[in-house]
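Worksheet: one structure, shown below.
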Amino acid sequence: MRRTDPEGHGPVRYGPPLPDDGLPVLPELSAVLAAAAGRAGSEPVGGGSALLDAACGYWERRGLAVAPEHAVAAPGAPALLLALTAAIGGDVLVPRPCAAWWAPYARLLGRPAFHVATPAECGGVPDPYALLETVRRVRTEGGDPRLLVLSVADDPTATVAPPEVLHETLEAAAGEGLHLVSDETWRDTLHARHDTVLFSPAEMLPDRVTVVSDLAGALLPPGWPAAVARFPAGEAGEELHARVLDVLTALDARVAGPVAAAAGYALGEPEPVSARAAAVVRLHARVAQAAHHTVVAAGALARPPQAGRHLYVDLGPLRSALTPHGVGDAQELEDFLTARLGMPAPGGHRFGDELGALRVRLSTGPLLGGTDAERAECLDSPEPLELPHVRRALIGLRSVFDDLRDDAQRREPPR
């Protein structure tokens with residue numbers, strides 16, 4: 001990748017994309033898109049009635065009833081977050097680490113984005129005491145914190161916030177008068193659905209939470225940009241909804257007509273979509289578990305992945321083995337592992353972590369094979385980890401991390 005900054009710490013315009021599932025598009029979804037390809041126009045700003053009705057049905061099945069006039073659609077979650085940040089105003093609070101695309105929209109609007117430490121149990125949700133202290137400090141320094149962005153099912157850490165942790169954080173946020181944006185892009189990718197309790201912040205704090213879901217998380221290919229937002233009921237929610245529509249109108253942020261048709265179909269969750277989504281989750285959960293075992297066995301640190309198609313790895317314990325390779329920060333670690341693994345390994349600094357921390361996000365999609373045929377075979381196989389191309393990919397991952405472990409052990413001082 002071409003560097004564009006003078007310090008040599010990564011291209012300024014590089015933002016790691018959402019972890020892709022790596023699989024061919026569902027044929028039924030392709031058929032819907034193809035059937036709508038003759039639509040020359042786009043959706044109205046905010047989404048047409050059919051798309052919004054489908055979004056409302058999707059949320060209602062998850063216990064979040066909403067009327068179409070309290071919903072909005074846009075070409076991807078970034079457009080929604082940009083509009084929400086502009087409409088709410090003030091300073092923005094985000095957990096550390098957080099999704100790579102959250103903070104840039106605050107900076108684009110000239111708004112400070114303050115990172116708040118997360119609890120030991122999970123990522124995605126700020127520690128309540130750290131949140132209170134950050135709000136106090138920002139206000140003391142003349143700031144105006146108004147918006148907190150969080151995610152219960154998290155990118156980059158792949159964790160799910162326990163309900164009790166989430167409740168304490170929401171109480172702290174409500175007490176400080178913050179509005180919350182809950183990024184629920186990954187809520188439908190829980191690896192152990194029956195063993196993992198996921199609550200939406202909108203269930204706990206209905207008057208102060210706007211829910212945003214990018215359909216690339218579980219329902220659409222990432223190249224078909226569509227996202228939906230659910231606003232609180234009541235006067236404040238209606239005013240925010242109107243302001244967000246104003247911003248989306250100024251941006252002319254419309255969902256393309258054929259993509260809207262596919263999004264509406266996917267949000268309806270017919271059997272082909274539901275079956276494919278469940279199969280994708282099972283596949284990536286198994287690959288993520290194998291990858292997690294590999295990195296932990298080598299001496300790295302990583303919370304067990306609970307959602308998504310990724311894991312977040314801390315190679316701090318292997319620093320002594322990385323130093324001879326010229327790796328002393330997250331950008332150098334990103335370059336090193338991307339070259340060694342032959343797959344993207346964005347450093348933790350992309351997600352708001354300190355540059356000096358040796359952390360990376362690893363995605364499971366690249367471990368499924370190099371061709372559509374190989375990846376499709378993973379989806380159909382009862383034992384995808386035994387497929388030759390998956391075994392080779394996992395062996396390659398293990399080889400890189402085992403080499404680092406062995407180098408670290410050789411450099412340990414004698415006892």
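The values are calculated or read from the model by the stated rules, or taken from the named source; none is laboratory data. Every value quoted in this text rests on a predicted model; they were computed, and no experiment measured them. Here the Cβ is made from the backbone with ideal geometry for all residues, glycine too, and neighbour counts use every protein chain on show.
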**Asked** Are any residues in the range 116-145 among the polar types (S, T, N, Q) and within 24 Å of the chain's Cα centre (by Cα), and if so, which ones?
**Response** THR118, THR134
**Message:** Can you list the helices (runs of 4 or more DSSP H) lying wholly within the range 58-140 that have 3 or more residues being buried (at least 23 other Cβ atoms within 10 Å of the Cβ) and touching a Leu at 6+ places or on another chain (Cβ under 9 Å)?
**Reply:** 77-88
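Can you confirm whether ALA330 is in contact with a helix residue (DSSP H, G or I) (Cβ under 6 Å, 6 or more places away or on another chain), in contact (Cβ under 8 Å) with a residue 24 or more places away in the chain and under 30 Å from ARG410 (Cβ atoms)? Step through it out loud before you land on a result.
Working: in contact with a helix residue (DSSP H, G or I) (Cβ under 6 Å, 6 or more places away or on another chain): yes; in contact (Cβ under 8 Å) with a residue 24 or more places away in the chain: yes; under 30 Å from ARG410 (Cβ atoms): yes.
So ALA330 fits the description; yes.
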**Prompt:** Looking at the range 200-271, what helices (runs of 4 or more DSSP H) fall wholly within it and have at least 1 residues that are in the same structural domain as GLU168 (by TED's automatic domain parsing) and closer than 15 Å to PRO44 by Cβ?
**Reply:** 235-251, 257-267
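Does TRP186 meet the test of being in contact (Cβ under 8 Å) with a residue 24 or more places away in the chain, in contact with a helix residue (DSSP H, G or I) (Cβ under 8 Å, 6 or more places away or on another chain) and aromatic (Phe, Trp, Tyr)? Outline the logic, then answer.
Values: in contact (Cβ under 8 Å) with a residue 24 or more places away in the chain: yes; in contact with a helix residue (DSSP H, G or I) (Cβ under 8 Å, 6 or more places away or on another chain): no; aromatic (Phe, Trp, Tyr): yes.
No.
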**Message:** Considering only the range 307-315, I want to know if a residue exists there that is modelled with pLDDT of 95 or more, part of a loop (DSSP other than H, G, I, E, B) and over 18 Å from VAL281 (Cα atoms).
**Reply:** yes
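Looking at LEU318, LEU322, LEU404, LEU337, which is the one that is part of a helix (DSSP H, G or I), surrounded by fewer than 22 Cβ atoms within 10 Å (Cβ to Cβ) and outside the structural domain of ALA103 (by TED's automatic domain parsing)? Talk me through it step by step, then tell me what you get.
Working: LEU318 fails: surrounded by fewer than 22 Cβ atoms within 10 Å (Cβ to Cβ); LEU404 fails: surrounded by fewer than 22 Cβ atoms within 10 Å (Cβ to Cβ); LEU337 fails: surrounded by fewer than 22 Cβ atoms within 10 Å (Cβ to Cβ).
Of the residues listed, the single one that is part of a helix (DSSP H, G or I), surrounded by fewer than 22 Cβ atoms within 10 Å (Cβ to Cβ) and outside the structural domain of ALA103 (by TED's automatic domain parsing) is LEU322.
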**Request:** List the number of the failed condition for GLU238; all other conditions in (1) at pLDDT below 95; (2) farther than 20 Å from THR185 by Cα hold.
**Result:** (1)
**Prompt:** Looking at the range 185-215, which of its residues are closer than 21 Å to HIS310 by Cβ, in contact with a Gly (Cβ under 8 Å, 6 or more places away or on another chain) and not hydroxyl-bearing (Ser, Thr, Tyr)?
**Reply:** TRP186, ARG187, ASP188, ASP214
**Prompt:** How many of the residues in the range 360-415 are within 26 Å of VAL25 (Cβ to Cβ) and touching a strand residue (DSSP E or B) at 6+ places or on another chain (Cβ under 8 Å)?
**Reply:** 4
**Prompt:** Would a scan of the range 228-240 turn up a residue that is more than 22 Å from ASP183 (Cβ to Cβ), surrounded by fewer than 22 Cβ atoms within 10 Å (Cβ to Cβ) and touching a helix residue (DSSP H, G or I) at 6+ places or on another chain (Cβ under 6 Å)?
**Reply:** no
**Prompt:** What about VAL287, is it farther than 20 Å from PRO119 by Cβ, assigned to a helix (DSSP H, G or I), in contact with a Phe, Trp or Tyr (Cβ under 7 Å, 6 or more places away or on another chain) and at pLDDT 95 or above?
**Reply:** no
**Message:** Scan the range 24-44 and tell me whether some residue there is touching a residue at least 60 places away in the same chain (Cβ under 8 Å), crowded, with 19+ Cβ neighbours inside 10 Å and among the small types (Gly, Ala, Ser).
**Reply:** no
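Please determine whether any residue of the range 150-161 is in contact (Cβ under 8 Å) with a residue 12 or more places away in the chain, surrounded by fewer than 24 Cβ atoms within 10 Å (Cβ to Cβ) and not β-branched (Val, Ile, Thr).
At the first step, the residues of the range 150-161 found to be in contact (Cβ under 8 Å) with a residue 12 or more places away in the chain are 150-161.
Okay, now just the ones that are also surrounded by fewer than 24 Cβ atoms within 10 Å (Cβ to Cβ), so none.
Checked the range 150-161: no residue is in contact (Cβ under 8 Å) with a residue 12 or more places away in the chain, surrounded by fewer than 24 Cβ atoms within 10 Å (Cβ to Cβ) and not β-branched (Val, Ile, Thr).
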**Item:** Checklist (1) closer than 28 Å to ASP314 by Cα; (2) of a type in the set (A, V, I, L, M); (3) in contact (Cβ under 8 Å) with a residue 24 or more places away in the chain; (4) touching a strand residue (DSSP E or B) at 6+ places or on another chain (Cβ under 9 Å) applied to ALA117, failing item
**Value:** (3)
**Prompt:** Can you tell me how many residues in the range 350-374 are of a type in the set (Ser, Thr, Tyr) and either surrounded by fewer than 22 Cβ atoms within 10 Å (Cβ to Cβ) or in contact with a helix residue (DSSP H, G or I) (Cβ under 7 Å, 6 or more places away or on another chain) (or both)?
**Reply:** 2
**Asked** Of these, ARG361, ARG276, ARG350, which one is closer than 24 Å to PRO126 by Cα, within 21 Å of the chain's Cα centre (by Cα) and part of a helix (DSSP H, G or I)?
**Response** ARG350
